[in-house]
Amino acid sequence: MKGLRPVGILGTGSYTPERVLSNFDLEKMVDTSDEWIVSRTGIRERRISAPEQASSDLAFEAAKKALAKANVSAEQLDMIIVATVTPDMSFPSTACLLQDKLGAKKAGAMDLSAACTGFLYGITTAAQFIANGLYKHVLVVGVETLSKITNYKDRNTCVLFGDGAGAAVLGPVKEGYGFQSFELGADGSGGQLLCLPAGGSRIPASTESVANDLHYLSMAGGEVFKFAVRVMNSATEAVLAKAGLERDEIDLLVPHQANKRIIDSAVQRFGLSEDKVVVNLDRYGNMSSASIPVALDEAVAEGRVKEGDNLVFVGFGGGLTWGAALLKWSTTPAEGSNA
Ligand code: UT7
C-alpha cells in the first residue's frame, strides 16, 4: 500500500458454537471412519450451530470480541463487510442484520461472496477504504453455518465442514506496519466444482429441487484439491514478491483450513517449521470464510503473534477464487486515528 496511509488489524475475535460433532459421531451417520477422516484430512471434530442460530448470531459474538480487543466502539465503525456463503437469507444482507445487532448506526454494510476466500476479499476491500482516507474503522467478518447446507447422508462432504465466525477490525496503524501486499484471483470456469446448485435464480426452490438434494453443497473434492495446492503456493509467492520479502522472512502462515495435506504441501514448499504455521482444522474442520480469521484470533490469543511479525494469510475456494495478504503486525493505531 505504498503512498497511502498504512492499514492494519487493530483487534480480532472469534466464536464457534458449543455443539461438537466428532468423527466418531459421523461414523454412526455415514459409512466412514475416524481413521479415514484423520488420515485424508486431519479433521477430528467440528462445531455445529444450534437450530435457532443463524450466521448473523455467530458473527455478532465474534464481532463484539474484535471490537473490544481493538478498543473501537460499534458507533465508530464506518463500514461492515460480512463474507459468507451461508447468509441468514438472500436479502437483506447478513451485514445489515449484524449492523443492527451491534448498533453500529454510522456504518454502511454489505455482504461479500467469495466462498472460502471471502475473508481475504473482505480485508483487501476494507483496507482500500482506510488507506485512501475515506474511512477509519472497518469491521470484516468471515462467518459460516455450513452445517445448514451440508448433506449428512453424503460422506464425501459431511465430514469436512463446520460452523464458526471470525472477525477483525481494520484501521490506520503507525508508519512501517500494516498490510504490505494483497493478491486476489478467480477462475469462474471452475464454478461447478464447488457450489450450492439451487435456491438462486437458476434453480429456484421447489419441491423437486429439495427432493433432488440440490440445496446442499456439492464439491468435486479431488479437482478442488489439485487447484488448492497450486494456488496456495502461487498466491503466497505473489504477496512475498510484491512486498519484496523472501520465504524465510515469513513469521507466521495463516492458511485456509480445508485439508491438512494441502497445508503441508505449502509448508514444505516454503520450508516453514511447524511453529510458523497455524493449524486448527483438527478441532473445527473447514469453516470456509471463517477459517482464517478464527485461526488468526487463536494465534493472537496464544501469544504467537508479535509486533513486527510478517503474517501471510492465504486461502482458496468456491468461485473458484483464491487470495493472499501479507501483514506486518501491529495493533497500535496511528496517532490521532482512534477518534
Ligand atoms: O474450502 C473449500 C475447498 N475445499 C477443499 O479444499 C477440499 C479439497 N479436497 C479434499 O480435501 C479431498 O479431495 C477430500 C478430503 C475431499 C477427499 O480426499 P481424497 O484423498 O481426494 O479422496 P477421494 O475423493 O479420492 O476418495 C477416495 C475414496 C473414494 O472411494 P473409491 O471411489 O476410491 O472407492 C471415496 O468414495 O474415499 C472414499 N471416501 C470416503 N471413505 C470414507 C470419500 N469420503 C469418504 C469418507 N469416509 N468420509
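Quick rundown of the values:
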item	result
Accessible area of the range 7-179 divided out per residue, in Å², using a probe of 1.4 angstrom	39
MRE, 222 nm, helices only [DSSP H, n ≥ 4, -39500 (n - 2.57), over the chain, to nearest 500]	-9500 deg cm²/dmol
Values of log10 I(q)/I(0), in the order q = 0.10 Å⁻¹, for the range 7-179 under a Debye, Cα-only, solvent-free model	-0.41
Counting DSSP beta bridges with both ends in the chain, the antiparallel % (nearest 5)	70
Sequence-separation-based contact order of the chain, relative, with Cα cut under 8 Å and 6+ spacing, percent	26
The range 180-328 - Rg over Rh from alpha carbon coordinates, Kirkwood radius	1.04
Kirkwood hydrodynamic radius of the range 1-86, from inverse mean 1/r over distinct Cα pairs, in Å	16.2
Estimated distance in nm for a label pair at GLU175 and THR332, the labels positioned 7 Å out from Cα along Cα-to-Cβ	1.3
Reciprocal mean inverse distance between Cα atoms of the chain - Kirkwood radius, Å	19.8
Inter-label distance for LYS306 and ILE203, nm, one decimal - labels placed 7 Å from Cα along Cα-to-Cβ	5.2
Hypothetical label at ASP187: residues of the range 293-324 whose amide nitrogen lies under 20 Å (7 Å Cα-Cβ projection)	314-324
Within a Gaussian network of the chain (alpha carbon springs, distance under 10 Å), most fluctuating of GLY13, GLY108, GLY244	GLY244
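The values are calculated or read from the model by the stated rules, or taken from the named source; none is laboratory data. Because the structure is predicted, anything quoted here is derived from the model rather than measured. Every residue, glycine as well, gets a Cβ built from its backbone with ideal geometry; the counts of neighbours run over all protein chains shown. Please note that ligands, DNA and RNA were not included when accessible areas were found on the heavy atoms of the full protein model with its side chains. Shrake-Rupley method; radii C 1.70, N 1.55, O 1.52, S 1.80 Å.
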